[in-house]
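Please treat every number below as a calculation from the coordinates, not as lab data. What you see is a predicted model; the values in this text were computed from it and never measured. In this analysis, Cβ positions are derived from the backbone assuming ideal geometry, glycine residues included, and neighbour counts consider all displayed protein chains.
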Amino acid sequence: MKRYVIIGNGVAAAGCIEGVRSVDPEGPITVVSAEPRPAYCRPLISYYLEGKAAPEKMNYRPDDFYDRTGCRVLYGKKAVSINPAAKTVTLDDGEALPYDALCMAAGSAPFVPPFEGLDTVPEKYTFMTMDDALALEQATETPKDVLIVGAGLIGLKCAEGLSGRVKSITVCDLADRVLSSILDEDGAKTVQTHLEQHGLRFLLGDTVVRFDGRTAHMKNGGTLSFDVLVLAVGVKPNAALVKDAGGEVGRGIAVNERMETSLPDVYAAGDCAEGEDLSCGRRRVLAIMPNACLQGRTAGVNMAGGNASFQNAIPMNAIGFFGLHVMTAGSYTGEVFAEITETGSKKFFTQDGLLKGFILIGETQRAGLYTALIRNRTPLADIDFALLRQTATSAAFSASARADMFGKVV
Amino acid sequence: MKRIYVKEEWCLGCHLCEYNCAFANSGQKDMATALKGKPIYPRIHIEGKDAVTYAVSCRHCADPLCVKSCIAGAIARTDGVVTIDRSRCVGCLTCVLVCPYGALAPGEDGAMQKCELCLQNACGAPACVAGCPNGAIVFEEREAEA
Ligand SMILES: Cc1cc2nc3c(=O)[nH]c(=O)nc-3n(C[C@H](O)[C@H](O)[C@H](O)COP(=O)(O)OP(=O)(O)OC[C@H]3O[C@@H](n4cnc5c(N)ncnc54)[C@H](O)[C@@H]3O)c2cc1C
Ligand code: SF4
Ligand code: SF4
């Protein structure tokens, strides 16, 4: 019987377990879980702070998931090395787990730059795990002034989560705009204004050069006092185990469309991996939940001897702040088509007759039709793209394309 | 498994299916009290261009992207039917971003809604199909192509 080991216990791991079990109903699966809890919906931690997600509803799978799939889960244990020659994984308690197929589903860790004086800050947090959310909840039991370093997705979601609980929130970022990795200048401005209307204060193009207790000395010369510091500068993939074992690692663990790493019988999936991004043709870490689940499942199927391939990964995000919804996908290259409506704006990027990416702000109805155009590489010449830009509707497709969509099993 | 299919050449664009859907899922006994004078939030909607109209609802995909993408684990596929636990939904719209058919939309309370084939409500079978005056929506078994 084939023995499976999974390092990490998040969404990618859950997808991997389901993938393995879809092919092999009985080979033993061991899951090494650094966090002391079943796989949960990580993006919900900010909703938890807001009181919008109850802890008992945050698990990613039903309570009997690991029993039903026959997994042994080692809670609170960490894998510390992989020995690809002996095909074992060594844990922090010294145990060596033998494997026939291994999946790295270790996610990513907050990146904490070496700020001067960081050790003098009494209340500092990152925002990645349920434990982080619980700690922040406690730290904000009494009204506090909060400084968040990083105006990316995680920093801003944290700000939204905390906004009802604290006296003030200031967000600083070295970039000159919010959400700089997914928004262009116009989009960022719209979102920033909206966030400011909800009480957030921004220091952009600015960062902390030195901490002194509860004071931050800024690059632009100012100083700022705060009670609670949240570091949300970025994340780095947990790829070290594979790198140390001699596997190919870029920013994340390099994988092909079968989620195989360069080490034999070692797979990787989710935030720790980098596979090809169809919208730009290069390998990229796509640190999003759908990707973690799909990559995990692909890895699992192949680990168990099946044949799965995940070829149409693209970056995409649906993110809302205080009721304003933003959706982005793909790459922002090529010709730009912009549509401004009463309720928002849409921007499309096309190249070589294909849709490559989009940014939608406040105009999100049926956006999945756009996402599908990118993922399926649908030639724009075959559809009424002018209509589609205005309204996401399959009426812009040919009758035969519609017959496939609505007249068949899909 | 039985699924909903549409015949666009038969659709009149009368929007009756939208009303029947909203009523079936309202939990009320009388259509007028349930719907009259209020905005409705059906799980099926009419799309079209020029003379062509047709009804769009969840395709109950064999390999549903929404299930794999929901950040709250709120969408599941059980015996082929894709259902949503609305009490878990946080309204992030990730499912809207991935569904290739545009089959999900928020309900009145902001939580996402989708067609569950009326298997959970008092109808027990799709109300849109039963009420379509021209047979433009059908509920039947079709073969998946190999
Ligand atoms: C605040 C926040 C908001 C987000 N919002 C969104 C969103 O709206 N939409 C979206 O698509 N994505 C969002 N994301 C990203 C999403 O959560 C991740 O892409 C997803 O969780 C990745 O899943 P994963 O299984 O690859 O990794 P993870 O969920 O990170 O799981 C990896 C697990 O492995 C464990 N681990 C690491 N190293 C070891 C080791 N050596 N031994 C044992 N265990 C180990 C870790 O402790 C962790 O529990 C958000 C993330 C955050 C933090
Ligand atoms: S909601 Fe969309 S993606 Fe999900 S099963 Fe229905 S049609 Fe498929
Ligand atoms: S809007 Fe609700 S159902 Fe859709 S992905 Fe977000 S949490 Fe899941």
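Side notes on the structure shown:
- Protection proxy ranking, peptides A:58-64, A:353-359, average beta carbon neighbours within 10 Å, highest first: A:353-359, A:58-64
- Taking the empirical scaling 2.2 N^0.38 Å for compact globular proteins as reference, chain B has a Cα radius of gyration ratio of 1.02.
- Shown for chain B: cysteine residues without a partner Cβ closer than 4.7 Å, namely B:CYS11, B:CYS14, B:CYS21, B:CYS61, B:CYS70, B:CYS89, B:CYS92, B:CYS99, B:CYS132.
- Per-residue [θ]222 nm for chain A (sum of -39500 (n - 2.57) over DSSP H runs n ≥ 4, rounded to 500): -7000 deg cm²/dmol
- Unit Cα scatterers, Debye sum, the range A:323-406: log10 I(q)/I(0) for q = 0.24, 0.26, 0.27 Å⁻¹: -1.23, -1.41, -1.49
- All alpha carbon pair distances within the range A:75-117 were sorted into 10 Å bins beginning at 0; the resulting P(r) in whole percents reads 22, 42, 21, 12, 3.
- Of all aspartates and glutamates in the structure, the ones whose alpha carbon falls short of 20 Å from that of A:LYS189, not counting any fewer than 8 places away in one chain, are A:GLU160, A:ASP173, A:ASP176, A:ASP206, A:GLU339, A:GLU342, A:GLU363.
- Label-point separation in nm, A:LEU118 to A:GLU339, each point 7 Å along Cα→Cβ: 4.4
- Counting only GluC sites (Glu not before Pro) that DSSP places in a loop and that have at most 15 other Cβ atoms within 10 Å, the longest clean stretch of chain B runs over B:1-107.
- Ranked by the mean number of other Cβ atoms within 10 Å of their residues, highest first, the peptides A:1-10, B:51-60 come out as A:1-10, B:51-60.
- The stretch between A:LYS236 and A:CYS280 holds 13.7 nm of extra length on full extension. This uses 0.36 nm per residue minus the Cα-Cα distance.
- Partner chain coverage, peptide A:368-376 - average Cβ within 10 angstrom: 4
- The trypsin sites (Lys or Arg not before Pro) found in the range B:22-56 that occupy coil by DSSP, while having at most 13 further C-beta atoms within 10 Å, are B:LYS29, B:LYS36.
- Test item: B:65-77 mean partner chain Cβ contacts at 10 Å: 6
- With contacts taken as Cα pairs under 8 Å at a separation of at least 6 residues, the range B:1-70 carries a relative contact order of 38 percent.
- If the segment from A:ARG377 to A:ARG68 were pulled out straight at 0.36 nm per residue, it would be longer than the present Cα-Cα gap by 107.4 nm.
- Percentage relative contact order, the range A:323-406, counting C-alpha pairs under 8 Å, at least six apart: 25
- Coil-residue GluC sites (Glu not before Pro) of the range A:13-58, DSSP, other Cβ within 10 Å capped at 10: A:GLU26
- Straight-line cross-link reach from B:LYS29 at under 29 Å between alpha-carbon atoms covers these lysines, not counting any fewer than eight positions away in the same chain: B:LYS2, B:LYS38, B:LYS114.
- Computed over the range A:242-327, Cα set: Rg, Dmax in Å: 14.0, 47
- Computed over chain A: relative contact order in percent, which uses C-alpha pairs under 8 Å that are six or more apart: 16
- Dividing the C-alpha radius of gyration of the protein assembly as shown by 2.2 N^0.38 Å, with N its residue count, gives 1.00.
- Under 21 Å from A:LYS124, Cα to Cα: lysines that are on another chain or at least 8 residues apart: A:LYS144, A:LYS157, A:LYS167, A:LYS219, A:LYS236
- Two tests apply to each whole DSSP H helix in chain A, Cα reach of 15 Å or more along its axis and mean Kyte-Doolittle hydropathy of at least 0.5, and the ones passing both are A:11-23.
- Here each label is just a point 7 Å from Cα along the line to Cβ, and for A:ALA401 and A:ASN256 those points are 3.2 nm apart.
- Averaged over the residues of peptide B:99-105, the number of Cβ atoms from other protein chains lying within 10 Å of each residue's Cβ is 6.
- Amide H contacts under 5 Å for A:LEU203: A:VAL171, A:CYS172, A:ASP173, restricted to partners 5 or more places along the chain or on a different chain, H placed in the peptide plane at 1.01 Å from N.
- Bins of 10 Å from zero: percent of alpha-carbon pairs in the range A:118-233: 14, 49, 33, 4
- Ordering of A:269-279, B:94-104 by packing [mean C-beta count within 10 Å, highest first]: A:269-279, B:94-104
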